[in-house]
Amino acid sequence: MKELVRYFHAYLKEAILAPLFKLLEASFELVVPLIIAMIIDQVIPNSNQGNLVAMILYLVALAIVGVVVSLTAQYFAAKAAVGFTKDLTQDLYQKILSLPKASQDSLSSSSIFTRLTSDTLQIQSGINIFLRLFLRAPIVVFGSLVMAYLISPSLATYFVNMIILLFLVVTVISWVTSRHYQSIRKLLDSLVGQVRETVTGIRVIRAFGQKLREKEAFEKGNQAYLGQLVRAGRWSSSLTPLTYLIVNLTLIFLIWQGSFAITFNQLEQGMLIALINYLLQILVELVKMVMVISSLNQSFIAAKRVQEIFDQQSEDVEAPLSTTQTDQMNLVLSVQNLTFTYPRSSRPALENLSFQLEKGQFMGIIGGTGSGKSTLIDLLLGLYPSGDNQVQVYIEGHSPQTLADWRGRFALVPQQAQLFSGTVRSNLTLGKDYSDQALWKALEMAQAKDFLLEKDGLDTVVEAFGRNFSGGQRQRLTIARALVQEASILILDDATSALDYLTESRLFAAIRRELPQQTLIVISQRTKSIKDANQILVLDKGKQVGLGCHQDLLESSAIYREIDRSQQSQEVES
């Protein structure tokens with residue numbers, strides 16, 4: 001937890017002042033029973049009305065000061081908790097962005113979302129409660145025990161026995177509930193992931209009439225989540241009645257023994273009332289402590305989950321890479337005997353892939369679902385380590401020196417068009433500085449200029465995920481975002497699936513005309529989209545089953561020939 005403790009440094013003053021003011025508040029409360037005892041034993045028997053009024057005014061003054069001190073403690077505790085969580089959440093977000101793709105895959109996106117939102121909020125709640133209540137309870141309990149000992153050492157033993165017994169009960173129940181809360185957080189991750197998948201794929205679910213199936217799956221997961229909550233709640237709720245039971249039994253013994261002490265003039269009535277008040281103060285604080293411990297258990301589990309992300313190794317994009325050189329000055333990409341296996345996978349996702357690309361060439365990649373096309377792109381981008389220089393990028397015969405330089409030579413348009421809330425301009429620039437002329441040039445190449453001119457141009461509003469654009473428009477905007485970078489290698493990962501053939505052909509023609517030196521890699525399910533490529537890579541179950549131009553593959557590759565013929569027959573039928 002060292003990574004999390006350092007966030008207290010900026011709020012050390014508030015973290016110290018909050019419990020100090022609570023200490024002051026508790027001190028005032030510990031004085032009250034003694035004042036009441038003096039009223040009962042000394043003021044009332046002597047019928048001293050002036051002293052009685054003075055004592056009452058003193059109690060009112062203590063109450064007013066106590067309220068002010070309590071509010072001050074609340075302020076400092078809230079400021080420390082909110083400030084701590086703000087800094088933590090900001091750094092956690094930056095940490096998640098810096099994680100390598102393998103780490104993000106192992107954590108899962110739903111778990112990351114839960115840790116970034118629900119877990120950090122739970123930590124904030126835990127810190128607030130800890131500074132306000134957790135330190136107050138020991139102060140009041142210990143103070144009451146000391147005051148009870150000063151009043152009657154023999155009766156104070158009941159206080160000691162009660163506190164020891166309650167400590168054991170709280171320890172056992174807290175240990176049991178913490179295990180349940182760990183399961184609850186994992187089940188919550190699963191529920192968040194399930195809801196995210198449902199919301200993302202709601203159109204597909206409705207189109208195939210699977211709403212009932214998704215509803216049943218959610219109910220099943222929600223029922224498991226409810227079961228864990230109920231089990232944890234039963235254990236947690238048992239703390240309060242057990243606390244009342246133990247304290248009330250102690251109270252009975254205290255009154256019983258106190259009556260004998262009063263009878264034999266060993267104790268005054270007011271002092272017995274003071275002892276009862278101290279016992280009730282302990283009861284109130286222990287009931288609060290029960291709720292605090294339950295909340296702190298959840299906060300501690302949340303903190304451990306957040307710490308797991310901070311313990312992950314960040315990706316150092318500026319770390320030096322092992323560089324290589326080549327005499328082929330036009331060579332921009334070399335893949336030699338590439339084999340890759342995902343962690344915890346029993347078989348390779350890619351096996352023995354080899355090809356080369358020169359500056360300005362057009363390469364197509366085709367294959368069935370699960371053939372490894374997206375995995376290959378991830379490896380080309382350096383999102384996964386390929387090892388042994390199986391993948392190398394070159395510019396003027398030299399490989400990049402850092403991972404940042406490596407990725408800077410690529411521009412990617414992913415399968416799913418990703419747009420962010422803002423404007424067209426903000427989506428194209430993504431924080432970089434491009435001139436309007438460069439942006440319009442990219443939009444024109446991407447065949448997106450016409451429909452933007454009908455709206456507000458570069459200032460056209462983009463809703464979250466680009467919901468106010470059609471699928472084809474979203475794809476053209478993401479293509480324009482990649483084109484404006486003018487990177488050495490442009491990758492279109494099935495990024496033209498929503499475009500008609502005419503728009504697609506105009507797009508490729510514009511790219512080849514305006515950026516003749518740019519190397520183009522197109523992943524497509526349509527042979528018509530890549531038939532003009534210099535070379536086409538055919539993948540099947542992670543293996544390279546064909547490499548050549550369109551005509552050569554029609555003769556040499558049965559898989560490619562079958563794909564082409566099936567698509568031609570579909571066009572004829574349509």
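FYI, it's all coordinate maths here, none of it is from the lab. Computed from a predicted structure; not experimentally measured. FYI the Cβ positions are ideal-geometry reconstructions off the backbone, even for glycines, and counts take in every protein chain you see.
In table form, for the structure just shown:
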read-out: Stokes-Einstein diffusion coefficient of segment 446-574, Kirkwood radius over Cα pairs, 4 °C, 1.567 mPa s, in µm²/s; value: 79 µm²/s
read-out: 10 Å Cβ shell holding at most 13 others, DSSP loop, GluC sites (Glu not before Pro): longest site-free stretch of the chain; value: 1-317
read-out: Sparse-neighbourhood loop sites, chymotrypsin sites (Phe, Trp or Tyr not before Pro) in segment 401-500 - DSSP loop, at most 14 other Cβ within 10 angstrom; value: F420
read-out: Relative contact order of segment 517-564, pairs being alpha-carbon contacts under 8 Å that are 6 or more residues apart, as %; value: 27 percent
read-out: Degrees, to the nearest 10: 211-263 long Cα axis against longest axis of the chain; value: 20 degrees
read-out: Segment 415-486 - percent relative contact order, Cα under 8 Å, separation 6 or more; value: 52 percent
read-out: Amide H within-cut-off set for T460, under 5 Å, with H built and near neighbours excluded; value: V424, R425
read-out: In nm, spacing of pseudo-spin labels at K541 and T200 (7 Å Cα→C-beta vector); value: 2.8 nm
read-out: Under 5 Å, built H, 5+ apart or other chain: amide partners of D540; value: V545
read-out: Relative contact order [Cα under 8 Å, 6+ residues apart], the chain, whole percent; value: 14 percent
read-out: Under 5 Å, built H, 5+ apart or other chain: amide partners of R526; value: none
read-out: For segment 422-430, 3J(HN,Hα) per residue [Karplus equation, 6.51 cos²θ - 1.76 cosθ + 1.60, θ = phi - 60°, Hz, x = Gly/Pro]; value: x, 10, 4, 4, 5, 6, 7, 7, 6
read-out: P(r), alpha carbons of the chain - 20 Å bins starting at zero, rounded %; value: 15, 36, 24, 16, 8, 1
read-out: Calculated from backbone phi, Karplus (6.51, -1.76, 1.60) coupling profile of segment 557-568 in Hz, x at Gly/Pro; value: 10, 5, 5, 5, 5, 5, 4, 5, 5, 5, 6, 5
read-out: Trypsin sites (Lys or Arg not before Pro) restricted to DSSP loop in segment 457-538 with at most 12 other C-beta within 10 Å; value: R467
read-out: 10 Å-binned pair-distance histogram of segment 415-486 (Cα, whole percent); value: 22, 64, 14
read-out: Chain lengthening between D405 and S27 when straightened (0.36 nm per residue, less Cα-Cα); value: 129.8 nm
read-out: Segment 511-574 versus segment 257-301: alpha-carbon centroid distance in Å; value: 81 Å
read-out: Reciprocal mean inverse distance between Cα atoms of segment 2-311 - Kirkwood radius, Å; value: 22.9 Å
read-out: Estimated vicinal HN-Hα couplings, Hz - segment 127-136 in sequence order (Karplus 6.51, -1.76, 1.60; Gly, Pro = x); value: 5, 4, 5, 4, 6, 8, 10, 5, 7, 5
read-out: Calculated [θ] (222 nm, deg cm²/dmol) that DSSP helices of n ≥ 4 give over the chain, each run adding -39,500 (n - 2.57); value: -21000 deg cm²/dmol
read-out: Alpha carbon Rg of segment 1-136, scaled by the compact-globule rule 2.2 N^0.38 Å; value: 1.64
read-out: Qualifying chymotrypsin sites (Phe, Trp or Tyr not before Pro) in segment 101-188, DSSP loop, other Cβ atoms within 10 Å at most 16; value: none
